[in-house]
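Enquirer: Take this structure, written in structure tokens, and hold onto it; I'll ask about it next.
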Amino acid sequence: MFIIGKILQFFFSPFIWIFILIILTALARTENKRKKLATITLVALLFFTNPWLINNLQYPFHAPPMPMAANEKYDVGIVLGGMTSYDKVNKQGHFNMSSDRFIQTALLYKKGHIKKIIASGGQNGVFSEDNFMEADFVAQNLIDLGIPAEDIWIENQSKNTIENALFSKQIIDRNGGLKTKAVLITSAFHIPRATLTFEQAGIAVRPYPCAFSMSASATQFSGANMIPASWAMDGWGGFFRERIGTIYLKLKGAK
């Protein structure tokens, strides 16, 4: 599933589509065909780099904030990987733009909402990242914040959300199961698919979205939101990944 996911991610990238169109335009044998392909390429480029379009497409699928009530207590919080990156040159990991997952996990523990933490995530790159394991890196940083090591369970073998759920379930079962739901901590755009994945794996979860990548204002029509931006193209890749993954899970669950 990891390899299939990476292959689909490659082919469902608008950047790849536009690159292919550019190549076809350059190889066109007639001037008329070249002009048509150039027009199609320009329209596709403007479409996929439009922030307003992708924001309006993505926003309905983002989980809204789900703050904890003061009396909410859970056995464990499961924080999913994807919040770190590895620098092969300097041989070290670092937090990336999704690091709010780490921050919210630490806060939930410090406020007494969760008793234990499962840091879930191995190597998520296609190629080896030396001996860097995301869960190990996250766990060490939680310990550096003063969270006892005995309250952190490390799951450092998973490469995707399906494995996050399966391997976390194994850890939970080895430690006597759960009396309450687990708190699932991940990015707001990832919560719908991740929640479905964990529930299909047999883990009842209380979703806790964080790392919000957009607000309602991002969907409003304005001149600024119509200016082409390269990051909008990345947004399409993330949208396709989440939607395809969710459709797969629903079809799997319907069998």
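The values are calculated or read from the model by the stated rules, or taken from the named source; none is laboratory data. Every value quoted in this text rests on a predicted model; they were computed, and no experiment measured them. Cβ coordinates were reconstructed from backbone atoms using ideal geometry, including for glycine residues, and neighbour counts include every protein chain displayed.
Enquirer: Taking residue 146, is it among the small types (Gly, Ala, Ser) and not in a strand (DSSP E or B)? Can you show your working first?
Expert: Values: among the small types (Gly, Ala, Ser): yes; not in a strand (DSSP E or B): yes.
When the stated conditions are applied, residue 146 passes them.
Enquirer: Let me confirm something: among 159, 169, which residue is more than 18 Å from the chain's Cα centre (by Cα) and in the same structural domain as residue 98 (by TED's automatic domain parsing)?
Expert: On the way: 159 fails: more than 18 Å from the chain's Cα centre (by Cα).
Just a single option satisfies the conditions, and that option is 169.
Enquirer: Same structure, new question: Mind checking which residues of the stretch 112-143 are of a type in the set (A, V, I, L, M) and not in a loop (DSSP other than H, G, I, E, B)?
Expert: Residues of the stretch 112-143 of a type in the set (A, V, I, L, M): 114, 117-119, 126, 133, 135, 138-139, 142-143.
Passing the criteria: 114, 117, 118, 119, 135, 138, 139, 142, 143.
Enquirer: Identify, by number, the condition in (1) over 18 Å from residue 212 (Cβ atoms); (2) in the same structural domain as residue 181 (by TED's automatic domain parsing); (3) assigned to a loop (DSSP other than H, G, I, E, B) that residue 69 doesn't meet.
Expert: Result: residue 69 passes all but (2).
Enquirer: Tell me whether the stretch 84-95 contains one or more residues that are more than 30 Å from residue 218 (Cα to Cα) and among the hydroxyl-bearing types (Ser, Thr, Tyr). Can you show your working first?
Expert: As a first pass, look at the stretch 84-95 and keep what is more than 30 Å from residue 218 (Cα to Cα): 86-93.
From what's left, among the hydroxyl-bearing types (Ser, Thr, Tyr): 86.
Within the stretch 84-95, one or more residues are more than 30 Å from residue 218 (Cα to Cα) and among the hydroxyl-bearing types (Ser, Thr, Tyr).
Enquirer: Same structure again: Where residues in the stretch 72-93 are more than 16 Å from the chain's Cα centre (by Cα), assigned to a strand (DSSP E or B) and not charged (D, E, K, R), which of them is surrounded by the fewest Cβ atoms within 10 Å (Cβ to Cβ)?
Expert: Filtering first and then ranking leaves 92.
Enquirer: Sticking with this structure for a sec: Starting from the stretch 42-60, keep only residues that are without any contact (Cβ under 8 Å) to a residue 60 or more places away in the chain, then list their pairs with residues that are surrounded by fewer than 20 Cβ atoms within 10 Å (Cβ to Cβ) whose Cβ atoms are within a distance under 8 Å, requiring at least 6 positions of separation or different chains.
Expert: 44/17; 44/18; 44/21; 47/53
Enquirer: Could you list, in sequence order, all residues of the stretch 219-236 that are surrounded by fewer than 18 Cβ atoms within 10 Å (Cβ to Cβ), in a helix (DSSP H, G or I) and of a type in the set (Gly, Ala, Ser)? Outline the logic, then answer.
Expert: Pass one, the stretch 219-236, residues surrounded by fewer than 18 Cβ atoms within 10 Å (Cβ to Cβ): 219-224, 226-231, 234.
Then keep just the ones that are in a helix (DSSP H, G or I); that gives 219, 224, 226, 230-231, 234.
Correct list: 224, 230.
Enquirer: Kindly indicate whether residue 96 is loosely packed, with under 14 Cβ neighbours inside 10 Å, closer than 24 Å to residue 12 by Cβ and in the same structural domain as residue 157 (by TED's automatic domain parsing). Spell out how you get there, then give the answer.
Expert: Working: loosely packed, with under 14 Cβ neighbours inside 10 Å: yes; closer than 24 Å to residue 12 by Cβ: yes; in the same structural domain as residue 157 (by TED's automatic domain parsing): yes.
Here the answer is yes, as residue 96 does meet what is asked.
Enquirer: Something else about it: If you check 241, 193, 206, which single one turns out to be under 28 Å from residue 107 (Cβ atoms), basic (Lys, Arg) and surrounded by 20 or more Cβ atoms within 10 Å (Cβ to Cβ)? Please lay out each step first, then the result.
Expert: Numbers: 241 fails: surrounded by 20 or more Cβ atoms within 10 Å (Cβ to Cβ); 206 fails: surrounded by 20 or more Cβ atoms within 10 Å (Cβ to Cβ).
When all the criteria are applied, what remains is 193.
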